[in-house]
Every structure is written in C-alpha cells, then in structure tokens.
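These notes are about the structure you will find just below.
The values are calculated or read from the model by the stated rules, or taken from the named source; none is laboratory data. What you see is a predicted model, and the numbers here were worked out from it, not measured in a lab. All Cβ positions, even for glycine, are placed from backbone atoms using ideal geometry, and neighbour counts span all protein chains on display.
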Amino acid sequence: MIDVATIKIRAGDGGDGRVSFRHERFVPKGGPDGGDGGNGGSVYLVSDNNMATLMDFRSRPNYKAESGVPGGHKKMTGSGGSDLFIKVPVGTLVYEVAEEGGNEGKNWNAGKSGEKLVGDLKENDQKLLLAKGGVGGKGNYHFKSSVNRTPYEYTPGTKGEAKTLKFEIKMVADVGFVGMPNAGKSTLINQLTNAHAKVANYPFTTLNPNLGTCKLKNGREIVIADIPGLIEGASEGKGLGFEFLRHVERTRLLVHLIDPYNEEIFAWMSSKRTSSGTDAKLNKNTEYEEVCQYVFELYKKVRTELEKRGGNLPEKSEIVVINKLDLTEVKEAFPHILKFFKKEKIEVLGISAYTGEGTEKLKDKIMEKLETIPTMPVFEVEPIVKTYTIENLPNKRMVRRIVPKKLLLHKKKW
C-alpha cells in the first residue's frame, strides 16, 4: 500500500500586459489599447472517497496549473488559466516541505525537519487551496496620461506559487486492531464486519491495512481498521506493522488482541502435571503462572512499540482481548489470565474470533467506550503562510517594462 508520497506543484503564471495601439481607417492616432493579462490558475486538493492509496503520485510527481494568456489589443483581457484540482484519499494529511535554504519559522514541525502540517482532509469532497495563481499584468492602456499619449510601458504577470508537498494517509476509522502477528486480527475483523481480509495460519498474512464497518446495538455504524502485526523491535524497522501504525493514529479506540496459545508452554504443562490429589491442583496453579507471564510479556511488547511510535497512541483508550477461547488449553487458562491482569489493574475480555464466542460482549464494550471518547482526534493544522520574494512584494513600487519603438515597427507581438 502506497500511503506516503511527495509531489511538486506550481500554480499558473499571470499573463503579461500588452503594448498595442488602435489602428483603424480614418483613425490615425487611436491611442493605446493594450489589454491586461489573464490570471494564472490555482492548485487545489480535493478529497475523494473513491481513492484508497497514493499510488498515482508515484508515476506523476509534478503538477502545474495553466498560465494566464497575455492581453490582447482593443483592451481585451487575456483568458485566465484553468484551476488544477488534484484528488487525494479521504484521511490525507498534507505537509508543506521547506525548500533548501528556505527560512523555517516557528510554525515548522521540529519533529520532521522542514515539514509543516497545512491540511487535514478528513471529509469527502473537502477542498484545500495550496498554490495561488499569478496575477495578470497591466496593458499600456493603463499608463496613458496627458503628458504620455503613446505609452510603451506595461507590467508583466506575476509568477504562480510553487511548493513541494508531502501526503500521508491516516485512515479515518473509529476502532483500530493492534497486536502481534497471527493474533487473529483479520479473523476478528471478518467476524465483526463485512470485510474479507485474508486469513492464514502463518505470521504477516496481512500485508496492507483492512477496513470494515460494524453496526452496534445503538444503531450506529463504526469503521474498524486492522493493521499488520507488530513485533519486538518494530520501531527499529523490523516487520511491517510499525510503518502502518499511522493508520490507527486517527482512531478513537484501540483493541489490543492477544493470542495466549504457546505450543511449547502447554506441552510442558501437560508433561509436568501430576495425576491426582491436592498436589495436582497446586501444581496446576503454579504452571499457569508461566502462561500468564507469557501473555503479559506479549502485551508489554506491543505497548512498548506504541510508546516508541509516540504521537497520541500511548494515551489512547484500549480494550485488551484474549483470543482463541475455542482452544481447550486457552479456555482453561483464561480465568488465571483474567486474575493476573486484574492484579495489574487491566480489564480483559475473552473471545474466539473463529467461532464468534464473546464477540457480542466485545461489541457492547466498544459501544460503551466510544460514547465517552470525542468524535475524532484533531491534528493541529498550521495556517498556510505566503512567502514573499522581491518579485511578489505587495507594497513595492510598480515595475514597468518599456517596449522599444523599433520592435513595434516590426510588428513584434507582445
């Protein structure tokens, strides 16, 4: 999945003003009639529900709007350039990237060198103006006066804005599934929603995030996101899930799914159990300590990676879910796991994503949690600040250009 892309955009330039004079029969000195240049087209971003990735921007990284047409004779204004509308997926964050040697003010993101968040397109058909087109120049008609009857002055059109942008998709979802590989996240999203995520008995079956919609008892539909599994060391580039954690940054609630089944531990427990008596019960309780410690270690590994990712992930509300209650060993161990996590002041639910056991209770818990969480996390967007150069200073004196008369005599077009 292509969820990060960098492009360059440029608005259209304004058309130059025209230097021309009225030439008609019986009108030997018609005076100046040069028209103004047209304005350049601007560049807009538009969010579109029909797009899911940023793949289109890999093959086409440069975009330019139409420039304005120079002015014509008879005081005709040149036509303006058409605006350029670039479609991006809903949930796209837009960063303006500082040019090399540019002046980075206090609004620039210190965490990402030279990047400033200027847009968050989280609704369908949302528009964002990013580069404004240049203004058309003035024709020589504007420079006539009582002492300058045949002006050869005109002003050129201003340049359109040029920027480098970085796009980053953060999926718009209410609930995000996180956990180690093969924890059953894809099976669960298939059980709760109408998604058809790939399911197989090996790690990293999920290579791209999956989305699905789930209807709760209160009649509300929520969106659930499932991302590839996290492994220890993901923050250092291992595995796939860490790179996709950006997709659950916008979610309101995390469901942390844990698979407690470890074949080696349960095989060891089976071989060590005594056949009868009180000793068997005491030994059984001691053996389940190993399972509880193993499950808690899995929980801590994922939490560590979330904290290393930073942002708002560590503070998000979460529901811890023990999966695979359809296995006899896990079913027997679950009361001990529940008791162990209770000591750590962590609430735990038990489900079987495969059979659907406990999933209704999980949906009720999700509904209960979402009612107390704000609608959607807000990303702080900085206002787009126009950068002025000597060419586009608003208060500088008007710079006129003078066309030599000899060029006009040779019917040079301006």
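Do you know which residues across the stretch 327-367 are β-branched (Val, Ile, Thr), over 21 Å from residue 293 (Cα atoms) and either at pLDDT below 90 or buried (at least 19 other Cβ atoms within 10 Å of the Cβ) (or both)?
366
Which residues, counting only those in the stretch 143-186, are in contact (Cβ under 8 Å) with a residue 60 or more places away in the chain, more than 44 Å from the chain's Cα centre (by Cα) and surrounded by fewer than 22 Cβ atoms within 10 Å (Cβ to Cβ)?
Hits for the stretch 143-186 are 143, 144, 149, 150, 151, 152, 153.
Counting only residues that are surrounded by fewer than 18 Cβ atoms within 10 Å (Cβ to Cβ) and not β-branched (Val, Ile, Thr), which one in the stretch 297-308 is farthest from residue 339 (Cα to Cα)?
Only one residue fits best here, namely 308.
Hey, could you check the stretch 222-235 for residues that are in contact with a Gly (Cβ under 7 Å, 6 or more places away or on another chain) and surrounded by 21 or more Cβ atoms within 10 Å (Cβ to Cβ) and say which is modelled with the highest pLDDT?
Applying the filter and picking the extreme gives 224.
Which pairs do you get when a residue that is in contact (Cβ under 8 Å) with a residue 12 or more places away in the chain, found in the stretch 5-28, comes within reach of a residue that is among the acidic types (Asp, Glu) and outside any loop (DSSP other than H, G, I, E, B), reach meaning Cβ atoms under 9 angstrom, with the pair 6+ apart or on two chains?
That search, which allows pairs on different chains as well, returns 5/56; 5/168; 17/153; 19/153.
Taking the residues in the stretch 151-181 that are outside any strand (DSSP E or B) and touching a Phe, Trp or Tyr at 6+ places or on another chain (Cβ under 7 Å) as candidates, determine which candidate is nearest to residue 229 (Cα to Cα).
It comes out as 181.
I'd like the full set of residues that are on the phi > 0 side of the Ramachandran plot and hydroxyl-bearing (Ser, Thr, Tyr), limited to the stretch 14-46.
Within the stretch 14-46, no residue meets the criteria.
Restricting attention to the stretch 322-354, report how many residues are outside any helix (DSSP H, G or I) and among the acidic types (Asp, Glu).
Going through the stretch 322-354 one residue at a time, the tally reaches 3.
Just for the stretch 83-96: of the residues that are assigned to a loop (DSSP other than H, G, I, E, B) and touching a residue at least 60 places away in the same chain (Cβ under 8 Å), which one is nearest to the chain's Cα centre (by Cα)?
91
Among the residues of the stretch 139-150 satisfying the criterion of being among the polar types (S, T, N, Q) and part of a loop (DSSP other than H, G, I, E, B), which is farthest from residue 33 (Cα to Cα)?
146
Say we look at the stretch 200-221 and pick out the residues that are of a type in the set (S, T, N, Q), within 23 Å of the chain's Cα centre (by Cα) and part of a loop (DSSP other than H, G, I, E, B); which of these is modelled with the lowest pLDDT?
206
Any idea how many residues of the stretch 51-79 are in a loop (DSSP other than H, G, I, E, B), surrounded by fewer than 19 Cβ atoms within 10 Å (Cβ to Cβ) and among the charged types (D, E, K, R)?
The number of residues fulfilling the criteria is 3.
Taking the stretch 310-326 on its own, how many of its residues are more than 14 Å from residue 256 (Cβ to Cβ) and either among the aromatic types (Phe, Trp, Tyr) or touching a residue at least 24 places away in the same chain (Cβ under 8 Å) (or both)?
Residues that pass the stated criteria total 5.
Which one is nearest to residue 120 (Cα to Cα) among residues in the stretch 23-50 that are acidic (Asp, Glu) and part of a loop (DSSP other than H, G, I, E, B)?
Taking the candidates together, the pick is 36.
Are there any pairs, at least 6 apart or on different chains, whose C-beta atoms fall under 6 Å, with the first in the stretch 354-374 and free of Cβ contacts under 8 Å to residues at least 40 places away in the same chain and among the polar types (S, T, N, Q) and the second surrounded by fewer than 16 Cβ atoms within 10 Å (Cβ to Cβ) and assigned to a loop (DSSP other than H, G, I, E, B), and if so, which?
Once the first residue is free of Cβ contacts under 8 Å to residues at least 40 places away in the same chain and among the polar types (S, T, N, Q) and sits in the stretch 354-374, its partners that are surrounded by fewer than 16 Cβ atoms within 10 Å (Cβ to Cβ) and assigned to a loop (DSSP other than H, G, I, E, B) give 355/326.
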